[in-house]
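The values are calculated or read from the model by the stated rules, or taken from the named source; none is laboratory data. This structure is a prediction, so every number in the text was calculated from the model and none was measured. All Cβ positions, even for glycine, are placed from backbone atoms using ideal geometry, and neighbour counts span all protein chains on display.
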Amino acid sequence: MRQHKNKTLAALLAFFFGSVGVHRFYLRGMQDPWGWLHVACFPLVGLLIVVTGKPVSPFVAAPIVLSLLASFMETLLIGLTPDEKWDERQNPDSGKKSDSGALIPMILVVTLAIGATALIAAIARTFDLLFTGGAYG
């Protein structure tokens, strides 16, 4: 019998620690290549800072920003998955049924608000840097 994967815990892990892939490791184990890609973003950015010799810019920090935005998307996908489908995918033989409760909608609202704000900010800053040379900051 496999361990029961809690949907609420998975959504919380994706929200708080998704940029380092913790939710991927919780759901799929340590062999998950996408989880390791999330983890690899941090040393990659450190290497880019050392190689370029510049402080962190949006283009150098792009791997972390993309990892963070992807984790928000994964939080939404986890949270919006119906409990029956969740159990079918993640808990086929755990012997338990999932009951998400009221915490999932709150996680989704906060994720959508922060994720949309971060995405708009990233797009705005990118256009600012590309078309004005970073004149506004």
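I'd like to check something: does segment 41-61 contain any residue that is of a type in the set (G, A, S) and either under 14 Å from the mean Cα position of the chain (by Cα) or closer than 12 Å to K7 by Cα (or both)? No, segment 41-61 contains no residue that is of a type in the set (G, A, S) and either under 14 Å from the mean Cα position of the chain (by Cα) or closer than 12 Å to K7 by Cα (or both).
Against the numbered list (1) surrounded by 14 or more Cβ atoms within 10 Å (Cβ to Cβ); (2) out of contact with any helix residue (DSSP H, G or I) (no Cβ under 6 Å at 6 or more places or on another chain); (3) not aliphatic (A, V, I, L, M), G46 comes up short only at (1). Tell me, please, whether a residue that is of a type in the set (S, T, N, Q), more than 19 Å from A122 (Cβ to Cβ) and surrounded by fewer than 18 Cβ atoms within 10 Å (Cβ to Cβ) can be found in segment 49-57. Checking segment 49-57: at least one residue is of a type in the set (S, T, N, Q), more than 19 Å from A122 (Cβ to Cβ) and surrounded by fewer than 18 Cβ atoms within 10 Å (Cβ to Cβ).
Among the residues of segment 111-120, is any under 20 Å from V22 (Cβ atoms), surrounded by fewer than 16 Cβ atoms within 10 Å (Cβ to Cβ) and at pLDDT 85 or above? Yes: one or more hits. Pairs linking a residue in segment 75-101 that is free of Cβ contacts under 8 Å to residues at least 40 places away in the same chain to a residue that is surrounded by 19 or more Cβ atoms within 10 Å (Cβ to Cβ) and of a type in the set (S, T, Y), with Cβ atoms under 9 Å and 6 or more positions apart or on different chains, are L76/T111; E84/S98; D87/S98; R89/T81.
W86 fulfils the conditions (1) of a type in the set (F, W, Y); (2) exposed (fewer than 15 other Cβ atoms within 10 Å of the Cβ); (3) over 17 Å from the mean Cα position of the chain (by Cα) except for a single criterion, (2). Against the definition (within 17 Å of T111 (Cβ to Cβ) and surrounded by 16 or more Cβ atoms within 10 Å (Cβ to Cβ)), how does V22 come out, yes or no? In short, yes.
Only one of (1) among the aliphatic types (A, V, I, L, M); (2) in contact with an Asp or Glu (Cβ under 8 Å, 6 or more places away or on another chain); (3) within 30 Å of G133 (Cα to Cα) fails for A61. Which number is that? Every condition holds for A61 apart from (2).
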